[in-house]
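Take a look at the structure below.
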Amino acid sequence: MALEHRFLQLLELPTSAATSKIFLSQKIQDKLFPGGHIHGVVRPDLPEVHPFFKFVSARVATGEKKRPKLGTTMGTPSAASSLEIIGQMESSVQNASCWRVQTVAAQMRSRKDVCRHLLTSAQTVNASGYGGALLLVSGGHPLRRLPVVDRFLPSNSLDMLRTASQLRKFGNISPGVQLWAVENPLLNSVARLEQKIEAGAETVILQPPLLIDRFGEWWGAARSRG
């Protein structure tokens with residue numbers, strides 16, 4: 001039996017007001033709506049910012065920290081305009097007839113928080129009416145990169161896949177919400193891919209084959225293991 005691979009084009013939502021303007025351009029909007037070429041919109045799940053940095057960012061955005069000299073303009077949009085742009089972006093996504101792919105990252109969340117986040121994200125995807133998936137990742141929180149820290153973290157992508165599979169089995173997550181994962185053939189072994197599939201991953205997004213020989217070896221090994 002031959003496997004059929006479908007080529008999908010996904011668009012990840014921007015995370016700042018400045019790049020959100022690009023998302024709102026007519027060229028992108030034409031690709032989102034019926035007859036467009038984008039199959040799904042991916043919502044990122046970034047690490048939470050410490051309250052101190054939120055406070056400083058807000059002051060900079062509103063111009064309170066440093067006033068521009070006469071004849072110059074601030075490069076950072078005001079807080080009000082940022083919210084307006086992000087609101088327009090959210091409205092465009094709600095109207096777009098494409099999949100909703102909600103990234104759910106473990107980051108530094110507790111198991112309870114991860115489970116709550118999985119359920120909330122699944123409800124958001126299901127409520128869209130267009131179907132979609134949860135993209136389950138460990139996350140890029142800086143603390144996760146420290147030596148030995150990962151041994152003490154409550155969750156990673158594998159744990160989340162197993163948890164989401166159980167939640168769907170018990171009816172807490174709709175069968176129409178797929179479970180997606182990511183894998184990097186340039187760094188990880190095929191065994192890790194196999195673990196994610198066994199944990200419930202139905203679709204795997206791969207890093208680009210920037211090192212073609214290494215990627216080819218990994219792909220060949222994956223095919224030989226079925």
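At 0.36 nm per residue, and after removing the present C-alpha to C-alpha distance, how many nm does the segment from Lys169 to Glu12 gain when stretched out fully?
Gain in length upon complete extension: 53.7 nm.
Suppose every K and R has +1 on its Cβ and every D and E has -1 on its Cβ; what is the size of the dipole of segment 97-225 about the Cα centre, in Debye to the nearest 20? Please report the intermediate quantities before stating the final value.
Details: 16 positive and 9 negative charges, 76 e Å.
Dipole of segment 97-225, to the nearest 20 debye: 360 debye.
Principal axes first, then extents: for the Cα atoms of segment 97-225, list largest minus smallest coordinate on each axis, whole Å, largest first.
Sorted largest first, the three principal extents are 42, 36, 25 Å.
Quickly rank 211-223, 95-107, 163-175 as a protection proxy: mean count of other C-beta atoms within 10 Å, highest first.
Taking the mean over residues of other Cβ atoms within 10 Å, the ranking is 95-107, 163-175, 211-223.
Would you pull out the residues with amide H under 5 Å of Val182's amide H, same chain only if 5 or more places away, H placed 1.01 Å from N?
Amide H neighbours of Val182: Ile205.
Based on the Cβ-Cβ distance of Trp219 and Lys21, what FRET efficiency does E = 1/(1 + (r/R0)^6) give at R0 = 35 Å, to the nearest 0.05?
So, using R0 = 35 Å, E works out to roughly 0.40.
Read-outs: derived from the displayed coordinates by stated rules, not from any lab. Predicted, not measured: the structure shown is a model, and the values here were computed from it. Note: ideal-geometry Cβ built from the backbone for every residue, glycine included; neighbour counts use all protein chains shown.
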